[in-house]
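Participant: Structure provided below as structure tokens; questions to follow.
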Amino acid sequence: MELKEFIQLFAEQFDDTAVELFTSKTEFKKLDEWDSLTALSVIAMIDEEMEKRITGADIRNSNTIEDLFNVANS
Amino acid sequence: MALVKFSGIGIKSVSATVPKNIVETSKLLDYHSEKHLTSFIETTGVKERRIADKDMCSSDLCYDAAINLFNESDIKTEEVGALIFISQTPDYRVPGTSIIMQDRLKLSKSTLAFDVNMTCSGYIYGLFLAYSLANLHGVDNVLLLVGETLSKITSKRDKSTGLLLGDGGSATLISKGDKYGDSFFSLNTDGSSYESVIVPSGGFRNMSSEESLADKQDEEGNIRNDEQIRMDGMDVFSFAVSKIPKDIKRLLDFAGKDINDFDRFVFHQANKYMMKVIGKKAKLDASKMLFSIEKYGNTSGVSIPLTIADQKAHLQNNDLLLLNGIGAGFSWGSAILNFVDCTVLNVNEL
């Protein structure tokens with residue numbers, strides 16, 4: 001999967017955040033809408049789309065969407 | 001992975017008891033922000049839970065469930081050949097609570113009784129053990145007690161477990177009978193992630209000490225001591241959505257069943273969103289899933305029998321059931337059972 005598609009899928013997990021706020025450098029945990037539900041939605045998306053299991057530590061250790069993409073792609 | 005088949009063993013009756021004391025999630029503003037509580041309810045589905053008072057143990061809830069079960073059953077206590085007590089919150093470190101329960105319940109002194117320490121997969125493992133024992137010549141009826149008072153080892157200021165875990169007890173009677181047909185179990189273990197759900201101290205690796213009882217705050221703002229349960233919810237979620245749909249698929253293949261053959265799905269009530277994601281991945285009809293998490297929270301191994309009791313109006317004789325549970329370790333399992341002539345009592349309050 002390309003980074004651009006990952007960002008689009010990442011953004012789809014959010015209902016109220018403007019789509020233009022999602023870029024490779026977005027620090028996703030600072031988004032107002034980032035909470036337990038969006039976190040689980042992102043984990044489910046990566047499991048479904050990339051067949052990769054993301055751990056809690058992976059989320060905690062990632063700052064930007066690109067960081068998480070790199071973990072998911074590793 | 002253990003894949004197992006039984007013939008002529010089944011569940012004769014199920015009963016569950018919860019504490020009277022209700023704690024509503026939305027009212028816990030002394031410990032958590034309104035934003036967090038709203039988000040938590042939306043994600044997990046937990047609107048309220050039952051919490052035991054200081055003097056109420058898991059065994060007391062199980063005792064009540066068992067007495068009610070025997071009062072409604074044609075099986076007498078002396079006909080029980082084995083007793084299994086599954087809990088992480090037993091009465092004492094020594095002796096096992098099952099031993100005490102033999103006497104409290106006035107079971108025969110020739111009863112085989114033992115404790116099992118398991119978490120949210122406890123009911124699946126308990127059924128497997130009970131079916132295994134009931135399969136033996138000489139054991140006709142097995143009493144499975146699963147109870148938890150996890151509130152006693154949970155910090156109210158933990159943003160996850162402090163809002164998720166509820167207390168309850170259950171009793172299930174497993175018996176021989178050709179009418180039950182074939183049952184199938186899948187049982188799995190991966191201990192590499194044992195720290196994802198753990199009470200780090202108070203056991204024998206890290207014994208109880210002044211330090212282990214001191215409150216500490218972690219980087220996410222949870223406040224708890226090391227003798228209280230901690231859970232990495234994201235780890236549990238990712239493991240569950242990754243492993244459980246595959247486990248269900250393998251069990252279906254082993255049993256020669258299709259996901260559309262089932263009448264009801266009774267999953268461990270871990271988190272409503274998680275159950276829905278698992279259901280979607282397993283391609284099952286979500287309208288056939290039973291839920292009780294809104295009323296009782298996550299009661300660990302109790303949640304499956306508690307859901308059966310709470311949702312009994314949605315179960316019919318001869319229903320084909322798929323059960324599933326996943327818990328600390330990780331430990332997980334699934335079961336395919338025929339729900340035949342099963343007496344299910346209303347959930348009792350103690």
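Participant: Please rank B:His137, B:His314, B:His36, fewest neighbouring Cβ atoms within 10 Å first, as an exposure proxy.
Facilitator: Fewest-to-most Cβ neighbours within 10 Å comes out as B:His137, B:His314, B:His36.
Participant: If you average 1/r over all unlike Cα pairs in the protein assembly as shown and invert the result, what Kirkwood radius do you get in angstrom?
Facilitator: 22.2 Å
Participant: For chain B, find the longest principal axis of its Cα atoms and tell me its angle to the long axis of helix B:34-44, 0 to 90°, nearest 10.
Facilitator: Orientation of helix B:34-44: about 20 degrees from the principal axis.
Participant: Output the direction-averaged projected area (hull surface divided by four) of the convex hull of the alpha-carbon atoms of the range B:1-105, in nm².
Facilitator: That works out to 10.9 nm².
Participant: Can you give the alpha-carbon Rg of the range B:76-153 over 2.2 N^0.38 Å, where N counts its residues?
Facilitator: Normalised Rg, Cα atoms only: 1.07.
Participant: In nm, to one decimal, how far is the B:Val340 label point from the A:Asn63 one, both placed 7 Å along Cα→Cβ?
Facilitator: 6.3 nm
Participant: Of B:Lys156/B:Lys276; B:Lys156/B:Lys288; B:Lys156/B:Lys243; B:Lys156/B:Lys312; B:Lys20/B:Lys295, which pairs sit farther than 22 Å apart, going by alpha carbon to alpha carbon?
Facilitator: B:Lys156/B:Lys276; B:Lys156/B:Lys288; B:Lys156/B:Lys243; B:Lys156/B:Lys312
Participant: In addition: Calculate, for B:Tyr92 and B:Glu34, the FRET efficiency according to 1/(1 + (r/R0)^6) with r their C-beta to C-beta distance and R0 45 Å; round to the nearest 0.05.
Facilitator: 0.65
Participant: Separate question: Relative contact order for chain B: what is it in percent, counting Cα pairs under 8 Å that are at least 6 residues apart?
Facilitator: Once divided by the residue count of chain B, the mean separation gives 28 percent.
Participant: Counting other C-beta atoms within 10 Å, and keeping those with at most 14, which DSSP coil GluC sites (Glu not before Pro) do you find in the range B:157-255?
Facilitator: Loop-located and lightly packed - B:Glu210, B:Glu211, B:Glu219, B:Glu220.
Participant: In percent, what relative contact order does the range B:125-222 have, based on Cα pairs under 8 Å that are 6 or more apart in sequence?
Facilitator: Computed over the range B:125-222, the figure is 25 percent.
Participant: Relative contact order for chain A: what percent, with Cα pairs under 8 Å and sequence separation of 6 or more?
Facilitator: 37 percent
Participant: Average projected area of the Cα convex hull of chain B, in nm²?
Facilitator: So the mean shadow area of the Cα hull is 16.5 nm².
Participant: Quick check: pseudo-label points 7 Å beyond the Cα along Cα→Cβ at B:Asp263 and A:Glu48, how many nm apart are they?
Facilitator: Between B:Asp263 and A:Glu48, the label points sit 3.1 nm apart.
Participant: Name the lysines eligible as straight-distance cross-link partners of A:Lys25: C-alpha to C-alpha under 21 Å, and not fewer than 8 places from it in the same chain.
Facilitator: A:Lys4
Participant: Another one. Let a ≥ b ≥ c be the square roots of the eigenvalues of the Cα gyration tensor of chain A; is it rounded (a/c under 1.5), or, if not, prolate (a/b larger than b/c) or oblate?
Facilitator: rounded
Participant: Which loop trypsin sites (Lys or Arg not before Pro) in chain A, with loop taken from DSSP, have no more than 13 other Cβ atoms within 10 angstrom of their Cβ?
Facilitator: Hits after loop and neighbour filter: A:Lys25.
Participant: Which longest run of chain B has no exposed loop site in it, a site being chymotrypsin sites (Phe, Trp or Tyr not before Pro) in a DSSP loop with at most 11 other beta carbons within 10 Å, and the site itself not part of the run?
Facilitator: Within chain B, the longest run free of exposed chymotrypsin sites (Phe, Trp or Tyr not before Pro) spans B:205-350.
Participant: Right, something else. Mind giving me the nanometre distance, one decimal, between the label points for B:Ser110 and B:Lys54, set 7 Å out from Cα along Cα→Cβ?
Facilitator: Going by the 7 Å Cα→Cβ label model, 4.5 nm.
Participant: For chain A, which GluC sites (Glu not before Pro) pass both filters: DSSP loop (anything but H, G, I, E, B) and at most 13 other C-beta atoms within 10 Å?
Facilitator: Filter output for chain A: A:Glu2, A:Glu12, A:Glu51.
Participant: Still on this model: How much FRET efficiency would the formula 1/(1 + (r/R0)^6) give for B:Lys47 and B:His137, where r is the Cβ-Cβ distance and R0 is 41 Å, rounded to 0.05?
Facilitator: 0.30
None of the figures in this text is laboratory data; all of them are computed from the coordinates on show. From a predicted model like this one, the values you see are computed outputs, not experimental measurements. We place every Cβ from the backbone using ideal geometry, glycine too, and count neighbours over all the protein chains shown.
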